[in-house]
Amino acid sequence: MEISVLRLGQIGTNCYIFRRDGGYKCGVVDPGDQGEQVARWLVDKGLEAEAVLLTHGHFDHILGIPGLREEWPDLPVYCHSADLGQGDATAAFGQTFPTVRSFGDITPYQEGDAIDVAGIRVEVLETPGHTPGSVTLRAEDVLFTGDTLFAGSMGRTDLPGGDEGQIMASLRRLAGLEGDYQVLPGHESRSTLERERQSNYCVRAALRG
């Protein structure tokens, strides 16, 4: 599996593009902003977006959806139902942003769902805490952890819908997965699950219960 990362928007959200080695169809995880730019990047490389997968519904992970749909109008977008939002707009940091629901034609997914994107099986693991509908997406040896697990830390829980008890349970769940994985978070640098088990103070606190 080939994975590229584009850092998008005012918070530098990691947007991941994944595909089979040498394939032209791809999946897009968390198109944080500048969707037209992402679409141009894909087209310039001869790639076609097959689906957008959201780890959660915060504005900094979703704003690129309209720009991608300008290039691919029927592009499927997946999000957990708990993060679709109420109505078409939400307030954050003194500004108003669209909700996932406002983009229309969203396919909800949940724990246990598996989606074939660009020939790659992507499994949905519910990992709430940062938001009620936060998920981790497992594809082969990769975990797209969104804002649940970061390299050396975890997502914040002081925003509406955040829950510290839930995110600690989610960290325990991820740490308890068998074997090792690449950890590709929503912000900053990548890591591995074993490295986070050993050195991430949030994960270690979660494991202590």
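Enter the Cα centre distance for the pair the stretch 133-209 and the stretch 60-127, rounded to the nearest angstrom.
Measuring centre to centre over Cα atoms gives 20 Å.
May I ask you to give the solvent-accessible area per residue for the chain, in square angstrom, as obtained with a 1.4 angstrom probe?
44 Å²
I want the local charge near Tyr24. Using Cβ-Cβ distances under 13 Å, sum +1 for each Lys or Arg and -1 for each Asp or Glu among the other residues.
Its environment carries a net charge of -1.
Using a 1.4 Å probe over the heavy atoms of the protein chains, calculate the carbon and sulfur portion of the accessible area of the stretch 96-209 as a whole percent.
Looking at the stretch 96-209 in its full context, I get 45 percent from C and S.
Under 1.5 on a/c is rounded, so check that first for the stretch 152-209, then, if it is not, pick prolate when a/b is larger than b/c and oblate when it is not; a ≥ b ≥ c are the square roots of the alpha carbon gyration tensor eigenvalues.
oblate
Relative to the Cα centre, what is the charge dipole magnitude of the chain, using +1 at the beta carbon of each Lys and Arg, -1 at the beta carbon of each Asp and Glu, and rounding to the nearest 20 debye?
For this selection, approximately 520 debye.
The values are calculated or read from the model by the stated rules, or taken from the named source; none is laboratory data. Small disclaimer: the values here were computed from a predicted structure and weren't measured. Virtual Cβ from ideal backbone geometry, glycine too; neighbours counted across all protein chains shown. Side chains are part of the model used for accessible areas, which takes the heavy atoms of the whole protein and leaves out ligands, DNA and RNA. Shrake-Rupley method; radii C 1.70, N 1.55, O 1.52, S 1.80 Å.
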